[in-house]
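As C-alpha cells, the structure follows; a few thoughts come after it.
The values are calculated or read from the model by the stated rules, or taken from the named source; none is laboratory data. Just so it is clear, the structure is predicted and the values come from calculations on it, not from any experiment. Here Cβ is always computed from backbone atoms with ideal geometry, including for glycine, and neighbour counts include all displayed protein chains. These accessible areas exclude ligands, DNA and RNA; they are computed on the full protein's heavy atoms, side chains included. Shrake-Rupley method; radii C 1.70, N 1.55, O 1.52, S 1.80 Å.
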Amino acid sequence: MKIAFVGKGGSGKTTLSSLFIRSLAATGAPALAFDADINQHLGTALGLDDAEAAALPAMGDRLPLIKDYLRGSNPRIASAETMIKTTPPGEGSRLLRVRGSNPVYDACAKTVELDGGAVRLMVTGRFSDADLGVACYHSKTGAVELCLNHLVDGPDEYVVVDMTAGSDSFASGLFTRFDITFLVAEPTRRGVSVYRQYKDYARDFGVELRVVGNKVQGQDDLDFLRAEVGDDLLVTVGHSDWVRAMEKGRPPRFDLLEDANRHALDLMRTVVDSAYEQRDMERYMRQMVHFHVKNAESWGNERTGVDLTAQVDPGFVLGESVTAPA
C-alpha cells in the first residue's frame, strides 16, 4: 500500500509519518519510506543522529543509476537519458518491490532499525539554495516519482512518503501515486488552507484524502476542524510527551507511546488496509500516462529531443502479477 503524508510546513506531517512508520515496524510489517520533503527530517525523526542523516545516500545524486536500472530492456525507451520523472513502465521494464534487494536499494536505501523491526529509508537528498529553482527542485523529487511508477506492492506491504509541504506536489503527477493520502492539519485557518487546495485539485483524480488533526488541545479545536474539513477528518492527536522526548533525540521505547496516539495510528492503518479493496490499477496507469504525456508535450520532448509519448506501452498495466526481467 502506498501512503502519502502532506500538509503545510510545520504541521507535523514528518512527525506523524515517522510515528506511522514506527507503528508498522513494531508489528514487523515490511515497509519502505521515502523522504521527499525539501526539509530532510524524516531520518532524524526515525532516530538517526545528525551525522547519520546527513550521510544518507541521495536519490537525486543517483538518478542515472535509477533510470538505467528501471529502463531494463524496454524497447520503447531509447536510452536512460530520455527517461523523465513521469516515464511509465512497460514490457521489459525492471520493477521494484518492497521486499528483496536490487541495485537501486543497494545504492540509495539505508536500513533503519526501529523498536521491533526495521524500515528501508530512501531520501531525495538535501536541497541547497541552488536546488530551489523549479527544474532542479523537481528533478530531485522526480526520482521518487519514477520509483513509485515502477514499484509493485501488496496488501501487507507499505510504502510511506513524507511529501513536500503545501501544494508543491501538484507540480507533477506524484500526488496520484498513492492508495491514500493523510493530510496533517492544525486547527487554524492556515492549517486547513492546504487541505482546501489539495481537495480542490485532487477531486478529479479520485485521490483518497483523509485529514489527521494535529496539535488539537480541546473541544474548540476539534469543532473547528470538523466544521472546516467535515467527514474527511479521520482522527486527531494532541500533545505527546513521547514525541517531545523523540524531538530531543531521546525517544522512549515505542510501546510507551500514549494510548490515545497509539489508537490514532491503529485507526490510520485500518483505513490504509481497507483502501486495498478500492485499488483500480487500470485507472492508476491511465493517470500515470496522463501526466507523462502532459509533461512530455509541455517540456520533456523539447528537452530530450525525442517524442516521449512513444514511451507509453498501451497494453501494460502495473500490478502484483506482473513479472519483469531481473
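Report every pair of residues separated by at least 6 positions or lying on different chains whose Cβ atoms are under 9 Å apart, first residue within segment 271-285 and within 19 Å of ASP156 (Cβ to Cβ), second in a helix (DSSP H, G or I) and at pLDDT 95 or above.
Final answer for the pair search is VAL272/PHE20.
Looking only at segment 304-318, decide whether some residue is touching a residue at least 60 places away in the same chain (Cβ under 8 Å), under 19 Å from the mean Cα position of the chain (by Cα) and not in a helix (DSSP H, G or I).
Yes.
With (1) surrounded by 22 or more Cβ atoms within 10 Å (Cβ to Cβ); (2) modelled with pLDDT under 95 as the list, and ALA135 as the residue in question, which single condition is left unmet?
Status for ALA135: all satisfied but (1).
Residue-by-condition table, conditions (1) without any contact (Cβ under 8 Å) to a residue 40 or more places away in the chain; (2) small (Gly, Ala, Ser); (3) open to solvent by less than 10 Å² (accessible area, probe 1.4 Å); (4) closer than 26 Å to ALA260 by Cα:
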position	(1), (2), (3), (4)
GLY12	no, yes, no, yes
ARG22	no, no, no, yes
ALA36	no, yes, yes, no
GLN40	no, no, no, no
MET59	no, no, yes, no
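Out of LEU121, LEU63, LEU70, report the one residue that is open to solvent by less than 40 Å² (accessible area, probe 1.4 Å), at pLDDT 95 or above and under 18 Å from the mean Cα position of the chain (by Cα).
Working: LEU63 fails: at pLDDT 95 or above; LEU70 fails: under 18 Å from the mean Cα position of the chain (by Cα).
Residue meeting the stated conditions: LEU121.
Just a yes or no: is a residue in segment 312-322 open to solvent by 50 Å² or more (accessible area, probe 1.4 Å), farther than 28 Å from LYS13 by Cα and among the aliphatic types (A, V, I, L, M)? Lay out the reasoning, then the answer.
At the first step, the residues of segment 312-322 found to be open to solvent by 50 Å² or more (accessible area, probe 1.4 Å) are 314-315, 317, 320-321.
Adding the requirement that they be farther than 28 Å from LYS13 by Cα leaves 314-315, 317, 320-321.
Filter once more, so that each one left must be among the aliphatic types (A, V, I, L, M): 317.
Yes, segment 312-322 contains at least one residue that is open to solvent by 50 Å² or more (accessible area, probe 1.4 Å), farther than 28 Å from LYS13 by Cα and among the aliphatic types (A, V, I, L, M).
For segment 89-110, state whether one or more residues are closer than 22 Å to ASN301 by Cα and not small (Gly, Ala, Ser).
Scanning segment 89-110, I find at least one residue that is closer than 22 Å to ASN301 by Cα and not small (Gly, Ala, Ser), so the answer is yes.
Determine which member of the set ASP223, ASP232 is surrounded by fewer than 19 Cβ atoms within 10 Å (Cβ to Cβ), modelled with pLDDT of 95 or more and closer than 14 Å to MET268 by Cβ.
Being surrounded by fewer than 19 Cβ atoms within 10 Å (Cβ to Cβ), modelled with pLDDT of 95 or more and closer than 14 Å to MET268 by Cβ holds for just one of ASP223, ASP232, which is ASP232.
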